[in-house]
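Enquirer: Mind looking over this structure? Questions follow.
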Protein chains: 2
Amino acid sequence: VQREAFEALDRSDPLAPLRDKFLLPPGVINLDGNSLGSLPRSTAARVSRVIEKEWGEDLITSWNRHDWIGMPQRVGDKIARLIGAGAGEVVVTESTSINLFKVLAVTLKMRPGRRAIVSDAENFPTDLYMAEGLTKLLGQDYILRLVPTHDLRHALGADTAVLMLTQVNFRTGALHDMAALTAAAHAAGALAIWDLSHTAGALPVDLDGAQADFAIGCGYKYLNGGPGAPAFVYAAARHHGQAAQPLYGWLGHDAPFEFATGYRPATGIRQYVVSTPSILALAALEEGVDLLLQAGLSELRAKSQALTEAFIALVEARCAGLGLSLATPRDPARRGSQVSFAHEHSYAVMQALIARGVIGDFRAPDLLRFGFSPLYIRNVDVWDAVEALRDVLATSAWQRPEFQMRAAVT
Amino acid sequence: VQREAFEALDRSDPLAPLRDKFLLPPGVINLDGNSLGSLPRSTAARVSRVIEKEWGEDLITSWNRHDWIGMPQRVGDKIARLIGAGAGEVVVTESTSINLFKVLAVTLKMRPGRRAIVSDAENFPTDLYMAEGLTKLLGQDYILRLVPTHDLRHALGADTAVLMLTQVNFRTGALHDMAALTAAAHAAGALAIWDLSHTAGALPVDLDGAQADFAIGCGYKYLNGGPGAPAFVYAAARHHGQAAQPLYGWLGHDAPFEFATGYRPATGIRQYVVSTPSILALAALEEGVDLLLQAGLSELRAKSQALTEAFIALVEARCAGLGLSLATPRDPARRGSQVSFAHEHSYAVMQALIARGVIGDFRAPDLLRFGFSPLYIRNVDVWDAVEALRDVLATSAWQRPEFQMRAAVT
């Protein structure tokens, strides 16, 4: 296999024109788009317009004139199209963690008498922290039950209020079967919450089809909304107007501008909004989402699978004997858009790789994690990244002292 | 009194040079800076740099390289200087409402057995909604007790966990005595939470001096951080490391990058951070805060009082007999940086005034609300605003049909 073969694939890639809509720094391959997605070309101009024209000139009147007030629902409806949700089922607001708190509290209220939140022990730690915090706040024997992935079905019982899972494992990239696990939760009388942070924008999701109850997800990974972009929350239409989420914010009030003393929850998805949203951050997120809507979800998935397949094959061929072992499911249908390899010195190896312009992630204790955002990662980037990895390992470049020191953030 | 007298005051205003640091649209007077502060000149360029250089080029490495990770505490330390707090007592994160939820939950945990949250029936509705949501979530006889302003002291008792107040009444501008009410709460064995949304950046606040326990506040009013800017939260140093706030987010973990399964709260103010912050929004807020730090707080207060005094005097002189009555305390020491007048047709009057380029707020049921941000409002703006108000009232311009129709946001 030669680099030319990968260049040829890129020439026939139907998603190639969308890559040109990103500002990608020369000499850098962002295989960390599942931590921070790349920058759409249109974002800076859009945010400048929001700042200089909408905020600076039109001031408070922009809430109506530029429909700032409608943005959480407008951008939510756009994200809905990426995750198999209907209009009015998704809203952009707050953060993934805060949104998880809301939907967890709702599920506990919808299943009175049931005290257990069941999750995967390998679920994203922040999600587990939020559930832990909620159970401690509520007291009264509420518990968070963590089990190994293969025991999830057995852990669902008569005490289970909700099954809370992240669809793609943030370390290994393993993909849960959303429809089957949601059905198992329902069979046990429980509800299902899905964290789509590592799925939305990378592969098709069918929340309505899977009969999911609630979902949450991140704006700054595959949605390319920028660092700390606002998050989204999905509540199935059949649950609207039932239990209110407990963070009673003014924008979730049925009539926010009445400034009434008592809270009266909005009946639709807007009840999940708490606070005045950051319009700068929402505008940036909308640019990222708009780009994704230009791509077909099946094309995205096909390219993502081709990229991860090629990466695994090339690493195993070109880096054989250099201490790497695959930590991601080999079946492309069973993984998201990322590939992880274990290595004894993965932290230093990743630092050396980043110094070479290939940005991936270290994930404790021993993983090199590579995300493949199919919107802007080329086939030839796979080749180049593997060559850089091979060089870092074969020359022991990672042993240089500057790559050993842990920074505040890795 | 003539316009020239106000122009003369502006010529000797020590804060005048700071006005030039704002991009102010010609023909518009923003007397709504207590709803959305004006745009600092430096903000657009700063946010563009964050987007194009830090996000676009340096990608995920910016968390260290550009100290994104340190921003919530760095900007928090700057705000601390505006509100009489020490370094390490303030952090910027989430929204005012979410931060209120955190500190309310902490105070209830710190005062076990006490079940009442006491507040002013005229407190900002969102704050009341958040308290209502928390009491409903907790059940167990937790209550929110709302009383008229003059009954607050009597409402504090052996069942009171916390007194929750907004320092400046959002309708009337009346200013609570923070030190006295905090002392009264403490005398009853309760804690005190202060919402500084209508104070921070407009007048000096002395949280540490008043022995306040917790405080929260808004970034998009007098701090000029832009629409929906992130908010801040203060926890007195003596309370650090005690009860953890219950929204256990990864950035509040003692070691966020361990990705440990269990939550271990950070011991300092960082425990109040939940989620990855919007860096775009934080950068914009920092520009606004940096401008305020160039002003002296006593100069800000002096100018603010001069502006509101002049406004009241001029309105009462020039608009006599036109149906206005003052709703704000006449003693400048007892009000914040806003003035409200009641009028039978205040909604339409405000729409007509906005059409003339004088932006204020309508607040139900009958208030015209005018905020005076001393950083960029001139003495001559007071004159011009009153002349416009007089004209709208005297000519009955507000009776035109287009000013009667209520928009989604007012």
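The values are calculated or read from the model by the stated rules, or taken from the named source; none is laboratory data. Just so it is clear, the structure is predicted and the values come from calculations on it, not from any experiment. Positions of Cβ are backbone-derived with ideal geometry, glycine not excepted, and every protein chain shown enters the neighbour counts. Protein only, heavy atoms only, side chains kept; ligands, DNA and RNA dropped before computing areas. Shrake-Rupley method; radii C 1.70, N 1.55, O 1.52, S 1.80 Å.
Enquirer: Note the distances from A:Asp290 to each other copy's matching label point, with points 7 Å along the Cα-to-beta-carbon direction, in nm, sorted shortest first.
Expert: Spelled out, the distances from A:Asp290's label point are 2.9 nm.
Enquirer: Enter the angle in degrees (range 0 to 90, nearest 10) between the Cα long axis of helix A:279-293 and the first principal axis of the Cα atoms of chain A, meaning the one along which they spread out most.
Expert: The angle comes out near 60 degrees.
Enquirer: List the distances, in nm and shortest first, from the label point of B:Lys109 to the matching label points in every other copy, placing each point 7 Å from Cα along the Cα-to-Cβ direction.
Expert: Those label-point separations list as 2.1 nm.
Enquirer: Related question: Between A:Ala158 and B:Asp177, with labels modelled 7 Å along Cα→Cβ, what's the label distance in nm to one decimal, could you check?
Expert: Label-label distance for A:Ala158 and B:Asp177, simple model: 6.1 nm.
Enquirer: Could you derive backbone 3J(HN,Hα) for the range A:61-68 from the dihedral phi with the Karplus parameters 6.51, -1.76 and 1.60 (θ = phi - 60°), listing whole Hz in sequence and x where the residue is Gly or Pro?
Expert: Running phi through 6.51 cos²θ - 1.76 cosθ + 1.60 with θ = phi - 60° gives 5, 5, 4, 9, 4, 10, 6, 4 Hz.
Enquirer: Output the relative contact order of chain A, whole-number percent, from Cα pairs under 8 angstrom with separation of 6+ residues. Mind dumping the intermediate values first?
Expert: On the way: 805 pairs, mean separation 90.9, N = 410.
The normalised contact order for chain A reaches 22 percent.
Enquirer: Checking buried surface per residue: for the range B:65-114, which residues lose a minimum of 50 Å² accessible area in the protein assembly relative to the chain alone (1.4 Å probe)?
Expert: Checking the loss per residue gives B:Ile98.
Enquirer: Full-extension gain between A:Ala45 and A:Arg81, please, as 0.36 nm times their residue separation minus the C-alpha to C-alpha distance.
Expert: Gain on stretching A:Ala45 to A:Arg81: 10.5 nm.
Enquirer: Here's a follow-up. Under 24 Å from the Cα of A:Lys303, which lysines turn up, not counting those fewer than eight places away in the same chain?
Expert: A:Lys303 reaches A:Lys21, A:Lys78, A:Lys221.
Enquirer: Moving on. Among A:Leu108, A:Thr199, A:Ala317, whose Cα projects farthest towards the positive end of the dipole of chain A, with charges put on the beta-carbon of Lys, Arg (+1) and Asp, Glu (-1)?
Expert: A:Leu108
Enquirer: Extending each Cα 7 Å along its Cβ direction at A:Ser325 and A:Ser298, get the distance between those two points in nm, one decimal.
Expert: 3.9 nm
Enquirer: In whole Å, largest first, what are the principal axis extents of the Cα atoms in the range A:293-334?
Expert: Per principal axis, max minus min of the Cα coordinates gives 41, 18, 12 Å.
Enquirer: Which parts of the range A:233-248, residue by residue, lose 40 Å² or more of accessible area when the rest of the protein chains are there, as against the chain isolated (1.4 Å probe)?
Expert: Flagged in the range A:233-248: A:Pro246, A:Leu247, A:Tyr248.
Enquirer: Using θ = phi - 60° and the Karplus relation 6.51 cos²θ - 1.76 cosθ + 1.60, list the HN-Hα couplings for the range B:189-195 in order, rounded to whole Hz, with x at every Gly or Pro.
Expert: After applying 6.51 cos²θ - 1.76 cosθ + 1.60, I find x, 9, 9, 10, 10, 10, 8 Hz.
Enquirer: Hey, another quick one. Write down, largest first, the equivalent ellipsoid semi-axes of the range A:68-148 in whole Å, where each equals the square root of 5 times an eigenvalue of the alpha-carbon gyration tensor.
Expert: On the way: eigenvalues 155, 40, 29 Å².
Ellipsoid semi-axes (Å, largest first): 28, 14, 12.
Enquirer: Which values, in whole Å and largest first, are the semi-axes of the equivalent ellipsoid of chain B obtained as the square root of 5 times each eigenvalue of the Cα gyration tensor? The partial results should precede the final answer.
Expert: Numbers: eigenvalues 265, 147, 69 Å².
After diagonalising the Cα gyration tensor, the semi-axes are 36, 27, 19 Å.
Enquirer: Determine the shape class of the range B:190-306: with a ≥ b ≥ c the square roots of the Cα gyration tensor eigenvalues, call it rounded for a/c under 1.5, and otherwise prolate if a/b is greater than b/c, oblate otherwise. Provide the component values of the computation, followed by the final result.
Expert: Working: a/c = 2.88, a/b = 1.56, b/c = 1.85.
Oblate.
Enquirer: Could you run the Debye sum over the Cα atoms of the range B:49-195, one equal point scatterer each and no solvent, and tell me log10 of I(q)/I(0) at q = 0.11, 0.20 Å⁻¹, two decimals?
Expert: Results for the range B:49-195 at q = 0.11, 0.20 Å⁻¹ read -0.52, -1.21.
Enquirer: For the range B:315-402, what D do you get in µm² per second when you plug the Kirkwood radius from alpha-carbon pairs into Stokes-Einstein at 25 °C and 0.890 mPa s? Could the numbers behind the result be given before it?
Expert: On the way: Rh = 13.3 Å.
The calculation lands on 185 µm²/s.
Enquirer: While we're looking at this one, here's another question. Dividing the alpha-carbon radius of gyration of the range A:18-90 by 2.2 N^0.38 Å (N being the number of residues), what value is obtained?
Expert: Numbers: Rg = 15.9 Å, N = 73, 2.2 N^0.38 = 11.2 Å.
Compactness ratio reported: 1.42.
Enquirer: Something else: Report Rg(Cα)/(2.2 N^0.38 Å) for the range B:113-176, keeping two decimals. Intermediate results must be reported in sequence, preceding the final value.
Expert: Numbers: Rg = 11.7 Å, N = 64, 2.2 N^0.38 = 10.7 Å.
Compared with the compact-globule rule of thumb, the range B:113-176 sits at 1.09.
Enquirer: Now for a different question. Please give the calculated 222 nm ellipticity per residue for the protein assembly as shown, where each DSSP H segment of at least 4 residues contributes -39500 (n - 2.57) and the sum is spread over every residue; nearest 500 deg cm²/dmol? Spell out each step's value before the answer.
Expert: Values: 26 runs with 280 residues, N = 820.
Here the helix-only value at 222 nm equals -10500 deg cm²/dmol.
Enquirer: Report, in debye and to the nearest 20, how large the dipole of chain B comes out about its Cα centre when Lys and Arg carry +1 and Asp and Glu carry -1 on their Cβ.
Expert: On the way: 38 positive and 43 negative charges, 73 e Å.
Value, rounded to 20: 340 debye.
Enquirer: Over the range B:272-410, calculate the relative contact order: mean separation of alpha carbon pairs under 8 Å at least 6 apart, over the residue count, as a percent.
Expert: In percent, rounded to a whole number, it is 26.
Enquirer: Heavy-atom accessible area per residue, the range B:56-99, 1.4 Å probe: how many Å²? If you can, show how the numbers build up before the last one.
Expert: On the way: 1300 Å² over 44 residues.
For the range B:56-99, the per-residue accessible area is 30 Å².
Enquirer: Oh, and also: For the range A:256-410, treating each Cα as an identical point scatterer without solvent, what Debye log10 I(q)/I(0) comes out at q = 0.16, 0.17, 0.21 1/Å?
Expert: Scattering profile of the range A:256-410, log10 relative to I(0): -0.93, -1.00, -1.29.
Enquirer: If you don't mind, another one. Counting pairs of alpha carbon atoms under 8 Å apart in space and at least six apart in sequence, what relative contact order in percent does the range A:188-323 give?
Expert: Dividing the mean separation by the residue count of the range A:188-323 yields 24 percent.
Enquirer: While we're here: Hey, what's the range A:254-323 come to in accessible area per residue, 1.4 Å probe, Å²?
Expert: 32 Å²
Enquirer: Next up: Assuming R0 = 45 Å, can you tell me the calculated FRET efficiency for the pair B:Thr267 and B:Lys53, based on Cβ-Cβ distance, to the nearest 0.05?
Expert: My answer for the efficiency is 0.85.
Enquirer: Where in the range B:345-374 is the amide nitrogen less than 13 Å from a point lying 7 Å along the Cα-to-Cβ axis of B:Gln404?
Expert: Within reach of a label on B:Gln404, which here means backbone N under 13 Å from a point 7 Å along Cα→Cβ, the range B:345-374 contributes B:348-349.
Enquirer: Taking all protein chains as present, what is the carbon and sulfur share of the accessible area of chain A, in % to the nearest whole number, probe 1.4 Å? Mind dumping the intermediate values first?
Expert: Details: 6950 of 13360 Å².
Heavy-atom surface of chain A belonging to carbon and sulfur, 1.4 Å probe: 52 percent.
Enquirer: Gain in length, A:Glu316 to A:His239, computed as 0.36 nm per residue apart minus the alpha-carbon separation, to one decimal in nm? Let's see the in-between values first.
Expert: Details: separation 77, 0.36 × 77 = 27.72 nm, distance 4.72 nm.
Separation in residues times 0.36 nm, less the Cα-Cα distance, equals 23.0 nm.
Enquirer: Further, regarding this structure: Hey, could you grab the Kirkwood Rh for the protein assembly as shown? Inverse mean 1/r over distinct alpha carbon pairs, Å, one decimal. Show your work: numbers first, answer last.
Expert: Details: mean 1/r = 0.0362 Å⁻¹.
It works out to 27.6 Å.
Enquirer: Same structure, new question: Place the label 7 angstrom along Cα→C-beta at A:Glu7 and in each other copy, then list the distances from the first to the rest in nm, shortest first.
Expert: Relative to the other copies, A:Glu7 has label-point distances of 7.0 nm.
Enquirer: For the range A:205-258, divide the Cα radius of gyration by the Kirkwood radius and give the resulting Rg/Rh value with two decimals. Walk me through the intermediate numbers first.
Expert: On the way: Rg = 14.0 Å, Rh = 13.4 Å.
Here Rg/Rh amounts to 1.04.
Enquirer: Select from A:Trp63, B:Ala87, A:Phe214 the residue farthest towards the positive end of the dipole of the protein assembly as shown; place +1 on Cβ of Lys and Arg, -1 on Cβ of Asp and Glu, and compute about the Cα centre.
Expert: A:Phe214
Enquirer: Subtracting the Cα-Cα distance from 0.36 nm times the residue separation, let me have the gained length for B:Thr395 to B:Ala260 in nm, one decimal. Can you show the working numbers first?
Expert: On the way: separation 135, 0.36 × 135 = 48.60 nm, distance 6.83 nm.
Value of the extension gain: 41.8 nm.
Enquirer: At a probe radius of 1.4 Å, figure out the B/A buried accessible area, summed over both chains, and give it in Å² to the nearest 100.
Expert: Details: alone 16810 and 16780 Å², together 26730 Å².
Chain pair B/A: roughly 6900 Å² of buried accessible area.
Enquirer: Compute the FRET efficiency between A:Ala5 and B:Asp67 as 1/(1 + (r/R0)^6), taking r as their Cβ-Cβ distance and R0 = 35 Å, and round to the nearest 0.05.
Expert: Details: r = 42 Å, r/R0 = 1.20.
After rounding, the FRET efficiency stands at 0.25.
Enquirer: Spin-label point model (7 Å from Cα, Cβ direction): what's the A:Arg74 to B:Ala342 distance in nm?
Expert: 3.8 nm
Enquirer: Treat every Asp and Glu Cβ in the range A:271-410 as -1 and every Lys and Arg Cβ as +1, leave all other atoms uncharged, and give the resulting dipole magnitude about the Cα centre to the nearest 20 debye.
Expert: On the way: 13 positive and 15 negative charges, 60 e Å.
In debye, rounded to 20, the range A:271-410 gives about 280.
Enquirer: With +1 on each Lys and Arg Cβ and -1 on each Asp and Glu Cβ, and nothing else charged, work out how big the dipole of the protein assembly as shown is about its Cα centre, in Debye to the nearest 20. Provide the component values of the computation, followed by the final result.
Expert: Numbers: 76 positive and 86 negative charges, 141 e Å.
For this selection, approximately 680 debye.
Enquirer: Could you give me D for the range A:1-46, from Stokes-Einstein at 37 °C and 0.692 mPa s, where the hydrodynamic radius is the Kirkwood radius over C-alpha pairs? Units µm² s⁻¹, please.
Expert: Values: Rh = 12.5 Å.
This corresponds to a translational diffusion coefficient of 264 µm²/s.
Enquirer: Also, I was wondering about something else. What's the whole-number percent of alpha carbon pairs in the range B:295-363 lying beyond 16 angstrom? Don't jump to the answer; show the numbers that get you there.
Expert: Details: 1268 of 2346 pairs.
Tail of the P(r) past 16 Å holds 54 percent of the pairs.
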